[in-house]
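The values are calculated or read from the model by the stated rules, or taken from the named source; none is laboratory data. What you see is a predicted model, and the numbers here were worked out from it, not measured in a lab. Cβ sites come from the backbone with ideal geometry, for glycine too, and all protein chains shown count toward neighbours. These area figures cover heavy atoms from the full protein model, side chains too; ligands, DNA and RNA do not enter into them. Shrake-Rupley method; radii C 1.70, N 1.55, O 1.52, S 1.80 Å.
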Amino acid sequence: MKRNRRLASLVCTCICVSMLGATGCSKKQVKIYGKDNEVFASISGASLEKAKLEDENYRAYLELVLDEALQAISEAKECSIEKAEKMLFDEQYAIYTSFDKKVYSSLKDTYKNYEKNEISFGSAVTDTKGNLLAVYSEGNHEEDYINYATTRTAPYSSLKPLSVYAPALENGTISWSKAYEDSPVKQIEQENGSKRDWPANASNSYSNENVCVCDAVKQSLNTVAVKCLQEYGVENSIQYLKENFNISLAFEESRIHTLGEDEIIGNIALGYLYDGVSPVEMAGYYQSFATGGIYTEPKTVTKICDSQGEILFERKQEGNMVMNYETAFVMNQLLQGVVTRGGTGEAAHCEGVQVGGKTGTGSEGNWFVGFTPEYTCAVWHGKELMKNQAAEMFSKAVSQFAHNEEASFPECKTVKISGYCMESGKLFSGKCRKVDKGYYTSIDTTERCDQH
């Protein structure tokens, strides 16, 4: 499991955190405020590992706060991180954050339902403007403390919407109902010399029939994801992920340049990223499906003030358009389908709340990354549980959040709603036997069905 070395080294070298009510703090303290403008933590100069915390699991969030605060002070004062640390205490800065106690408590309560299994668990929640509201990390720490909310692991199928379907939809390679045969792409040789079909679906079976993209997303079919990416281009996907989300893909780039696209297509299509991604990062990436295509990197610190109340730093809400409005709208609809009956994320359903998202299952752990009109939430848990229960965990947590009943996803009037033939994937001709409703962008070129 890959850890965030930068955060770990920063915390070990600089700051101690003691919650309000804890004893043994130095006279010079830095107060940390939450979303409600109430102090929820104070910091003094010692060691985080030896800190007395009212709630040990605040540490996961506070690591991010301290990292961001020192970076902001360093840039504002044009000084080193070490100098910024000294100034933080000498000036007794006040740090304001987007920490939401209710959201945090919801994540904590969710974990407690599974605590007897002693599972490794990491989760992160943002609003749709990039404010990191809470993170939670808990589990078996065989050696050093691990912040599972910032630990990077392979995202598996939860990457598909970002690496395959969104970019391929954006340039017109695929449509809502484009059909691909659910069959192996190739055979690969195993260590014992025998051959097996690749890629395998989670069901370990193939229908060998045409499956539309909307159903492939809902069922998380690996065969269709690989075939879509073959058509769109692995290198194109790598560039898309780098340019829009700054995902680390150095290993994949190196392999593709020396061995070709076929060597790392599984990394990109099926989410076997060598460097991985963290729950905090994934929660941020999925904002784009709820916001009409805008991605804002998750941050904790909103403002830093000196002891006189003067503002030293104030974060600007700056998002980037990573996919066009139509693409985001159609992807939103596709990912809502994952949470409906028969979808791999059916258990993520929250009564009275619109939810979309995607599961990811593999040897390093299990994922569900989802979104509502107001929140994005990434849940990861280790393999201590025999099956992927991240979608269920998502539902338990998000159902406890405060929701605005009037909140809804952005509408898109330029996307056409049309009937399509479920057998051919083409637009309904009038003679088709099985028909469903699909969403089509303005550049879509899907033809009328000529098979019935």
TODO: Please report, as a whole percent, how much of the solvent-accessible surface of the chain comes from carbon and sulfur atoms (probe radius 1.4 Å).
DONE: 43
Task: Separation of the I443 and A250 label points, Cα + 7 Å toward Cβ, nm - done: 3.2
Open item on the list: Just to confirm the number: angle between the C-alpha axis of helix 250-259 and the first principal axis of the chain, 0 to 90 degrees, nearest 10?
Closed with: 40
Open item on the list: Per residue, how large is the accessible surface of region 373-452? Use a 1.4 angstrom probe and give square angstrom.
Closed with: 56
- [ ] Extending each Cα 7 Å along its Cβ direction at Q190 and E346, get the distance between those two points in nm, one decimal.
- [x] 3.0
Open item on the list: Whole-Hz ³J(HN,Hα) for each residue in region 174-182, computed from phi via Karplus 6.51 cos²θ - 1.76 cosθ + 1.60 with θ = phi - 60°, x for glycine and proline: what do you get?
Closed with: 10, 9, 3, 10, 4, 9, 10, 6, 7
Open item on the list: I'd like the orientation of helix 222-232 relative to the chain: the angle between its Cα long axis and the longest Cα principal axis, in ° from 0 to 90, rounded to 10.
Closed with: 90
Open item on the list: Per-residue counts of other Cβ atoms within 10 Å, averaged by peptide: what ranking do you get for 368-378, 288-298, highest first?
Closed with: 368-378, 288-298
Task: Computed lengthening from E318 to T258, 0.36 nm per intervening residue step minus Cα-Cα distance - done: 17.9 nm
Task: Point-to-point label distance, K83-N113, nm (Cα→Cβ direction, 7 Å offset) - done: 5.1
- [ ] Treating the angle as unsigned and between 0 and 90°, give the value, to the nearest 10°, between the Cα long axis of helix 59-77 and the longest Cα principal axis of the chain.
- [x] 70
TODO: State, as an integer percentage, the relative contact order of the chain based on alpha-carbon contacts under 8 Å between residues 6 or more apart.
DONE: 17
- [ ] Report the full-extension gain for the segment I417 to N208: residue separation times 0.36 nm, less the Cα-Cα distance, to one decimal in nm.
- [x] 72.4 nm
Task: Cross-link pairs K108/K396; K35/K358; K35/K242; K186/K218; K178/K227 - those with Cα-Cα distance over 20 Å - done: K35/K358; K35/K242; K186/K218
Task: Solvent exposure of region 77-226 as accessible area per residue, Å², 1.4 Å probe - done: 41
TODO: Quote the relative contact order of region 132-248 in percent (integer), defining contacts as alpha-carbon pairs under 8 Å separated by 6+ residues.
DONE: 26
Task: Ordering of 93-105, 190-202 by burial proxy (mean other Cβ atoms within 10 Å per residue, highest first) - done: 93-105, 190-202
TODO: Could you rank the peptides 222-233, 242-253, 407-418 by their average count of other C-beta atoms within 10 Å per residue, with the highest value first?
DONE: 222-233, 242-253, 407-418
Task: Of all DSSP beta bridges in the chain, antiparallel share, percent nearest 5 - done: 95
